[in-house]
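Derivation of every value follows stated rules applied to the coordinates shown; laboratory data play no part. Here the structure is a predicted model, which is why all the values come from computation and not from measurement. Positions of Cβ are generated from backbone atoms using ideal geometry, with glycine treated the same way; all protein chains shown enter the neighbour counts.
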Amino acid sequence: MNLLSNIERQEIRSLQPGQKTTLFRAINQLKQNGIYDKFINWHGLAMMTKAGTELFGSIRNLAHYSPVFLPWHREYLIRFENALREIDTSISLPYWDWTIDAELQDPSTSIIWTEDFLGGRNPIQNGLVTDGPFKNWKFSLNIPGYPREAYLRRNFANTIQLPFRRDVELVINNNELEYDKSPWDGNQDYNSFRIMLERPIHNPVHNWVGGTMEEAYSPGDPVFFLHHCNIDRIWANWQRKHNYLDRYPANDQIRDRRGRLIPFTNRNHKMSPWNDINDNTHKRVQQVLDFTQYYQYKEYYVS
C-alpha cells in the first residue's frame, strides 16, 4: 500500500517537538519489531553484490556507483517512509541539510547531535551512541563478510569537510550535465550529475559521521535516512529546475565494459533486492523517477 501521496518532507530542524517525538517513537518501534533491521540488511546485501561482469576496474554494486544509485535509494526511502506511516500517518520523513552545519567551526556542535534530536557519541566508549532516542542500539546483521551483531557508533571526523551549499548549487545549476554516462560506474571523471552528487557530495557525509555510517550496514544509524532524504531532495531540485522528471538512460543502454546488460539498473528493470518480493509495492526504476507522485520537499531557510 502506498501511503505517501501528498506528503511534505521538511528539514529536521523545522519539526515541532511533538513531531520529533512521534517520528523517533515510530523508528524505535520499527527497531523493536525487527523491520528496521530488515532495511539494514537490504542495503548491505545490495552494497555487497557486484553489478556487471568486469573482472577489474569497476566498483559498481546494486545500489551504488551506477545510474541506479538515486532511484534505488528513492525507492528505499519510500519503503521506509511507508513503514513509518503504517504506525502513524502524520509522519513524513525529514531531511538533514548538512550544508547548514558545514558553516560551523565544529559541525559536531550542531543541534542535530543533541539528546533532543539524534543524540551524539561517547568518545570514552569508542563512539558508542549512549544518549538521545537511539541510545545503545544494537542490530542483527545478515551481510556477507560482517559480524552477526553491531552497535550504533559515530566518529564525527572533523578532518573531513561537510559539503557547502555552493557545492550543491554548482551541481544543480550546471546546464551541461547529463544524468549519467558510460561506463556507468564510480571510476569515470566527474562528468555526470549522478557521479558529481554521489562521490564529492554524498560520500563525505557518510565519512564525516563515521562509525556505523561508514559500513555496509550504514542504515543502522537513523541519520542515514535523513542524509539520503537530503540527497534525494537535491536530485529532485535538479529534476525540477531542468524539467528532467523522466531523465534516465534509455532501456537496455546501461551495459558494462564487456557490453553486457547490467541487471537491476536499466529503467525497465525491477530493483534488487525487492525484485522477488510479491507485495504489490515493488517499483521499477522508471516508476520512481517522478517524485511528485509521492511527495514534495519544503525548503528550509536559515535566518
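Working note: Karplus 6.51/-1.76/1.60 with θ = phi - 60° gives region 139-156 the couplings 10, 8, 10, 9, 10, x, x, 10, x, 6, 9, 8, 10, 6, 9, 9, 10, 6 Hz, where Gly and Pro are set to x. For trypsin sites (Lys or Arg not before Pro), the sites in region 149-247 that DSSP calls loop and that have at most 16 other Cβ atoms within 10 Å are 181, 247. Can you classify the chain as rounded, prolate or oblate using the Cα gyration tensor, where a ≥ b ≥ c are the square roots of its eigenvalues, rounded means a/c under 1.5, and otherwise it's prolate if a/b beats b/c and oblate if not? Judged from the Cα gyration tensor, the chain comes out rounded (a/c under 1.5).
Taking the C-alpha atoms only, the angle from helix 35-47 to the longest principal axis of the chain is near 40 degrees.
Of all beta bridges DSSP finds with both residues in the chain, what is the antiparallel percent, to the nearest 5?
Working: 8 of 13 bridges.
Roughly 60 percent of the DSSP beta bridges within the chain come out antiparallel.
Rounded to the nearest whole Hz, the Karplus-based 3J(HN,Hα) values (6.51 cos²θ - 1.76 cosθ + 1.60, θ = phi - 60°) of region 168-174 follow the sequence 5, 5, 4, 6, 4, 8, 6, with x at glycine and proline.
When a/c reaches 1.5 or more, the comparison of a/b and b/c decides; with that in mind, is region 225-303 rounded, prolate or oblate per its Cα gyration tensor? Can you show the working numbers first?
Details: a/c = 2.27, a/b = 1.62, b/c = 1.40.
Prolate shape, in that a/c is at least 1.5 and a/b is the bigger ratio.
How large is the charge dipole for the chain, taken about the Cα centre, if only the Cβ atoms of Lys, Arg (+1) and Asp, Glu (-1) carry charge, to the nearest 20 debye?
Values: 35 positive and 35 negative charges, 114 e Å.
The dipole of the chain has a size of about 540 debye.
In the chain, helices alone account for a calculated mean residue ellipticity at 222 nm of -9500 deg cm²/dmol, with every DSSP H run of four or more residues adding -39,500 (n - 2.57).
Loop-only check: which GluC sites (Glu not before Pro) in region 106-198 are DSSP coil with at most 13 other Cβ within 10 angstrom? Show your work: numbers first, answer last.
On the way: sites: 115, 149, 169, 176, 178, 198; in loops: 115, 176.
Passing sites in region 106-198 are 115, 176.
Summarising the amide proton neighbourhood of residue 9: residues at separation of 5 or more, or on other chains, whose placed amide H is nearer than 5 Å comprise 296, 297, 298.
Here residue 135 is the anchor, and the aspartates and glutamates within straight C-alpha reach of less than 20 Å, apart from those fewer than 8 places off in the same chain, are 37, 115, 116, 149, 214, 215, 221. Helix 69-87 and the longest principal axis of the Cα set of the chain meet at an angle near 40°.
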